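To keep things clear, I will list the structure first and then write my remarks on it.
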Amino acid sequence: MHDGQLFVLAIIAMGIVGGIIKMSIRARHGYPLEDRQTRRNNRRNGFVDSGELEAQRKVELLSNENEKLVGQIGRLEERLRVLERIATDPAERVSREIDELRSRD
């Protein structure tokens, strides 16, 4: 064999060994074992990466939490308006409204 052929074979061997090391590291750390062709096929067939699913789930959870907090803020604003009205109204009117509320029970 010539030196050029040995050089090409050495490069190919390095690529194969590198791929094996990469796969073993991925397996050790729990990443899915897939090659370029599998990823390409998954994208073509509409399969979503697990990382993308996690991101979508986080967005959904944050949206739900946001809706809940917006509702809470609305209720707190209403309570604040009532407290402001009580604080600024004359004492006579407040006592009359309290008596009306007591008479309802």
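Hey, among 90, 32, which residue is in contact (Cβ under 8 Å) with a residue 12 or more places away in the chain and open to solvent by less than 90 Å² (accessible area, probe 1.4 Å)?
Details: 90 fails: in contact (Cβ under 8 Å) with a residue 12 or more places away in the chain.
Result of the check over 90, 32: 32.
Condition test on residue 49, is it open to solvent by less than 80 Å² (accessible area, probe 1.4 Å) and modelled with pLDDT under 75? Before the answer, list the steps.
Values: open to solvent by less than 80 Å² (accessible area, probe 1.4 Å): no; modelled with pLDDT under 75: yes.
For residue 49, the condition - open to solvent by less than 80 Å² (accessible area, probe 1.4 Å) and modelled with pLDDT under 75 - is not met.
Rundown of residues vs (1) part of a helix (DSSP H, G or I); (2) in contact with a His (Cβ under 7 Å, 6 or more places away or on another chain); (3) among the hydrophobic types (A, V, I, L, M, F, W, C); (4) surrounded by fewer than 10 Cβ atoms within 10 Å (Cβ to Cβ), yes/no style:
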{"position": "8", "(1), (2), (3), (4)": "yes, no, yes, no"}
{"position": "44", "(1), (2), (3), (4)": "yes, no, no, yes"}
{"position": "58", "(1), (2), (3), (4)": "yes, no, no, no"}
{"position": "96", "(1), (2), (3), (4)": "yes, no, no, no"}
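The values are calculated or read from the model by the stated rules, or taken from the named source; none is laboratory data. Computed from a prediction, not measured in an experiment: that's the story for all the values here. Positions of Cβ are generated from backbone atoms using ideal geometry, with glycine treated the same way; all protein chains shown enter the neighbour counts. The protein model used for the area step is the full one, side chains on, heavy atoms only, and it has no ligands, DNA or RNA in it. Shrake-Rupley method; radii C 1.70, N 1.55, O 1.52, S 1.80 Å.
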